[in-house]
Amino acid sequence: MATSAPARSLLPAGDLGGRHIVLGLSGGIACYKAAELCRAMVKAGATVQVVMTDAACQFITPVTMQALSGRPVFSSQWDPREAAGVGNNMAHINLSREADAILVVPASADFLKKLVHGGADDLLSLLCLARPAEAVPLIVAPAMNREMWANPATQRNVAQLKADGVHVLDVGQGDQACGEVGDGRMLEADELLYDLVRFFMPKPLAGQHVLVSAGPTYEAIDPVRGITNLSSGKMGFAIARAAHEAGAEVTLVAGPVALATPRGVRRIDVKSAQNMLMALDIYAHSATVFVSAAAVADWRPAAPSEQKIKKDGSGQVPTLAFTENPDILAGIAASERARSGRLYCVGFAAESHDLLHHAQTKRARKGVPLLVGNIGPATFGQDHNALLLVDEAGVVEFPQADKLSLSRLLVADIAQRLAR
Ligand code: C5P
């Protein structure tokens, strides 16, 4: 049975497995998002130690955060409870020593100022100042009113924090709790989780521009009817996400699909094969990798009607003549850029049988160094897949797994090929 899969469900449990994160909350209405984030981090496998400022406790209670993290919450530097199994009454030291990162969500304008100046008059700022900076990165998610965000004082502080090696996450744009509209609202919990997962990922594609095509195409018969196929786009979207996690700039050219755009990815929506060709041609000029995961229609109606074709009651059925679509992948693989080695092209083959034979033949016909085969009817619309990587040296099999995990393997494999 096909299941619907918003991008969020493509995150397999365990992406933060083994990670220990100190989640700091400073004061702001966005504290409510930290509750959802905490739950998501735990679900993704992290252990989470929450530390809250007094101001944060005005917006959300430590009881909530304790329930979600499964650990006592610390908010005072004078708290005599044992922290991290050490009874020396030095929570500001003990809490950070085992952490893989300190994540401050939300980071208020005042808290950013404190970080810039090395302030240490509450447990959270003290903890940040006392952390071993090389081993424990500090990540902050700013949250404030748009005027506060735009204020030169805040922007100076942000620039200084970046210069000091603090990872300052983007702010969101839109409606703010104060009723104003603009930049400065905090990212949503799923966006923060994505940024945190990506933070820990290796970046073997840094400096690369990966172009991905995904989904079906739609070939019009008339203004209300057309021909398409069962491709859901999930594989291509997962590849785009995995490439972004791996540090690449990513452009995703998508046929008509109902999927959320992976975070950080530039998305161009197209309908027909000809639209897709135009969009891909533009970005292929600057891309260094092209992964052609789209299920492009082989044929389109030769003369689509400008008006709806009407049933006239005579029992006569219309005759459709077809013309062949351009082979986009073969065209791009034959371009100067690809032939000179500046654009690495990867094709896909969705077959119903004899996968290895068809994949090998297709690799030669398309003129690509790498062809990824999968069984179309078994994967279209599903969250899982299995891949067969065919190159000039032979075949490698990636057995059945969720599409994001397979995409991460594929992206790592492509990165190795680029490095050869
Ligand atoms: O020939 P076939 O459609 O099986 O080839 C599949 C591969 O070629 C996929 O990578 C697909 O994105 C690409 N393709 C294309 N243009 C077409 C047909 C397929 O780029 N017209």
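The values are calculated or read from the model by the stated rules, or taken from the named source; none is laboratory data. Since the model is a prediction, treat every value here as computed from it, not as a measurement. Here Cβ is always computed from backbone atoms with ideal geometry, including for glycine, and neighbour counts include all displayed protein chains. The accessibility values were calculated without ligands, DNA or RNA, using every heavy atom of the protein model including side chains. Shrake-Rupley method; radii C 1.70, N 1.55, O 1.52, S 1.80 Å.
Things to note:
- Scanning the stretch 284-337 for residues that are of a type in the set (G, A, S) and over 30 Å from P369 (Cβ atoms) turns up A302, A303, S305, G313, S314, G315, A321.
- Checked against (1) within 16 Å of the ligand (Cβ to nearest atom); (2) over 26 Å from S232 (Cβ atoms); (3) in contact (Cβ under 8 Å) with a residue 24 or more places away in the chain; (4) aliphatic (A, V, I, L, M), I375 meets all criteria but (2).
- Taken over the stretch 99-148, the criterion of being touching a Lys or Arg at 6+ places or on another chain (Cβ under 9 Å), part of a helix (DSSP H, G or I) and not aliphatic (A, V, I, L, M) is satisfied by S125, C128, R146.
- Condition met for S292 (in the same structural domain as L406 (by TED's automatic domain parsing) and on the phi < 0 side of the Ramachandran plot): yes
- Qualifying residue in the stretch 390-404 (condition: closer than 20 Å to V212 by Cα and within 14 Å of the ligand (Cβ to nearest atom)): yes
- One residue from G18, G24 being open to solvent by less than 10 Å² (accessible area, probe 1.4 Å) and small (G, A, S): G24
- Pair list, Cβ < 9 Å and 6+ apart or interchain, from the stretch 380-395 residues that are free of Cβ contacts under 8 Å to residues at least 40 places away in the same chain to residues that are surrounded by fewer than 16 Cβ atoms within 10 Å (Cβ to Cβ) and charged (D, E, K, R): A386/E397; L387/E397; L388/E397; L389/E397; D391/R417
- Residue check for I227: touching a residue at least 60 places away in the same chain (Cβ under 8 Å) and under 26 Å from G373 (Cβ atoms): yes
- Scope the stretch 272-309; condition without any contact (Cβ under 8 Å) to a residue 60 or more places away in the chain, away from the ligand (no atom under 14 Å from the Cβ) and either assigned to a strand (DSSP E or B) or over 27 Å from A206 (Cα atoms) (or both); matching residues: A302, A303
- Test: residue in the stretch 349-357 that is within 13 Å of the ligand (Cβ to nearest atom) and touching a residue at least 40 places away in the same chain (Cβ under 8 Å): yes
- Taking the listed residues D183, D175, the one that is over 18 Å from S407 (Cβ atoms), in contact with a Phe, Trp or Tyr (Cβ under 6 Å, 6 or more places away or on another chain) and of a type outside the set (S, T, N, Q) is D183, with no other qualifying.
- Within the stretch 245-254, the set of residues being closer than 14 Å to A412 by Cβ and of a type outside the set (D, E, K, R) comprises A246, G247, A248.
- None of R337, R300 is at pLDDT 95 or above and touching a His at 6+ places or on another chain (Cβ under 9 Å) except R337.
- Meets criteria (part of a loop (DSSP other than H, G, I, E, B), assigned by TED's automatic domain parsing to the domain that holds L192, among the polar types (S, T, N, Q) and open to solvent by less than 50 Å² (accessible area, probe 1.4 Å)) for S96: no
- Listed by position, the strands (runs of 3 or more DSSP E) contained in the stretch 152-216 that have at least 2 residues being closer than 19 Å to A240 by Cβ and touching a strand residue (DSSP E or B) at 6+ places or on another chain (Cβ under 7 Å) are 209-214.
- Of the criteria (1) farther than 28 Å from A258 by Cα; (2) open to solvent by 40 Å² or more (accessible area, probe 1.4 Å); (3) within 13 Å of the ligand (Cβ to nearest atom), which one P318 fails: (3)
- Candidate set from the stretch 63-74 (those that are surrounded by fewer than 18 Cβ atoms within 10 Å (Cβ to Cβ) and not small (G, A, S)); member that is nearest to E188 (Cα to Cα): T64
- Just one of the numbered conditions (1) open to solvent by 100 Å² or more (accessible area, probe 1.4 Å); (2) acidic (D, E); (3) touching a helix residue (DSSP H, G or I) at 6+ places or on another chain (Cβ under 8 Å) is not true of D327: (1).
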